[in-house]
Each structure stands twice: as C-alpha cells, then as structure tokens.
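The structure under discussion appears below in the form of structure tokens.
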Amino acid sequence: MGDHGAFMDSELQVPRADLAAHIRQLEGPRNLIALVGAPGSGKSYLARQLAQALGDEAAIVPMDGFHQDNAWLDARGLRAVKGAPQTFDVAALHACLERLRDAREPCTVPIFDRDIDAVVPDGDTVPARARYILIEGNYLLLTQPGWRDLYPLFDLSVRIEVPEAELRARLIRRWQQQGFAPDIISKKVEQNDLPNGRVMLREGRAADLVVRD
C-alpha cells in the first residue's frame, strides 16, 4: 500500500532504528504513541521492538483487545467483516486511553486471543512506571465518527508503510499458519484484510512519522 494520498506528504520518514530515540524526546510522565498500519504491516512486531528498546518504561496496548464479541457481530450480520472499523468498540477504546493517560497506578487492559477468537477482559496490565504506552492498531488515525475522537489523545503517531503486494503475501502466510483452506484465505485477504488497509489510508490522518518496509 505504498500508493498513499497527498495528505501524507507531511509525514516525516524515519529509519526504524531511530524510532525509539524520537519517542524518548517526548516530555511528561506518560505519553500515548499510536502505531498504525494495514493488516499484515507488522504493527505488533514493531511494538515489541520498541518496547524492548525503551525498556521498563514502555507498555503495549493492542487495539485488537477492543473487538466486539462474536455474538454482538452475529446479531448485526457483521461476523464476515470482523476487523473492519464498525466491528470494534471504539467508545471502550477511547475510555481506556483516557484512563491510561491520566492513571498513575497499574491499569488492566483487554487483549484479543486469536486461538479462541475472543477478547480476554483484563488480559494484561499496564504498570504504573510505564512512561510510553504503545497503542498499535489499524484505525487509530481514522477520521470516521468515533475514531476521530482518539486523535487528540496521542502524543506521537507512527505509520508503517508496506507495498500491497508484500501485505498480500504476509497475510496469506498468516492464514495458512492458522490452517485455513486456500479459498477461505483468498476471501479473507481480498475481501476483508486488504480492503481494511485501504480504508485506513483513504480515511486516515497523516501520522507524525512514517517507517517504510
């Protein structure tokens, strides 16, 4: 998805190795950093890399912890597009980020367990010492209603840019590793994952920094 809109020309391209140094320049006792990218772009991997580089002062909060549950999706006919913007509880995500921004005590956060295809409430804890909260997800900079209210909460935003051909290859490998049949994989990639990545680009704000893989 290297074909990005003109609004992203304002983004500053930085080497991946320099990201931690940029984050350390942030002031204040707690900072929220948005890590955004299309499905398959490597957001989780980048978050882990940064957390390792930043040490005990960093914590990771995945947006996937705010998936609506399958019963909610089934009631609205949305299970087939799980992962699209309308299948997340953005109000709960907003409330969590506000709580994390102001909290000076340990805070529990939900996580998503892919093996059981469900959210685990209070599945992880952000420690009180965490100065840099790395929030990773597809739609953190989206300008759609609800999502656009997240933007003022972030102290820094980083976008990972990956060509669509590479995203497709990574996504196919991901679903193969989970044991899905080729026809199901094709449907997931071409009708859900890649279109969601295009929405992120088409309806997203520019990030402060961009890393190109």
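We did not get these values from a lab; they are worked out from the coordinates using the rules stated. Given the structure is predicted, the values throughout are model-derived calculations rather than measurements. Quick reminder, even Gly has a Cβ in these numbers, built from the backbone with ideal geometry, and neighbours come from all protein chains shown.
Annotations for the structure displayed:
- Within a Gaussian network of the chain (alpha carbon springs, distance under 10 Å), most fluctuating of Gln144, Gln178, Gln191: Gln178
- The rule of thumb for compact globular proteins, 2.2 N^0.38 Å, goes into the C-alpha radius of gyration of the chain 0.99 times.
- Cα centre as origin, Lys/Arg/Asp/Glu Cβ charges: the chain dipole, Debye: 220 debye
- Qualifying GluC sites (Glu not before Pro) for region 1-93 [loop in DSSP, other Cβ within 10 Å: at most 16]: Glu27
- For the chain, calculated [θ]222 nm from helices alone, where every DSSP H run of n ≥ 4 adds -39500 (n - 2.57): -9000 deg cm²/dmol
- Distant-in-sequence amide H partners of Val210 (H built 1.01 Å from N, under 5 Å): Leu12, Gln13, Val14, Arg159
- Secondary structure note: in the chain, about 25% of the DSSP beta bridges are antiparallel.
- Top positive-direction residue, dipole computed over the chain with Cβ charges, set Leu156, Ser41, Gly204: Ser41
- If a spin label sat at a point 7 angstrom from the Cα of Arg48 along the line to its beta carbon, the backbone N atoms of region 166-205 nearer than 20 Å would be those of 167-179.
- Largest GNM mean-square fluctuation among Gly28, Gly146, Gly55, using the chain with Cα springs under 10 Å: Gly28.
- Normalised by residue count, region 22-110 yields a Cα convex hull volume of 110 Å³ per residue.
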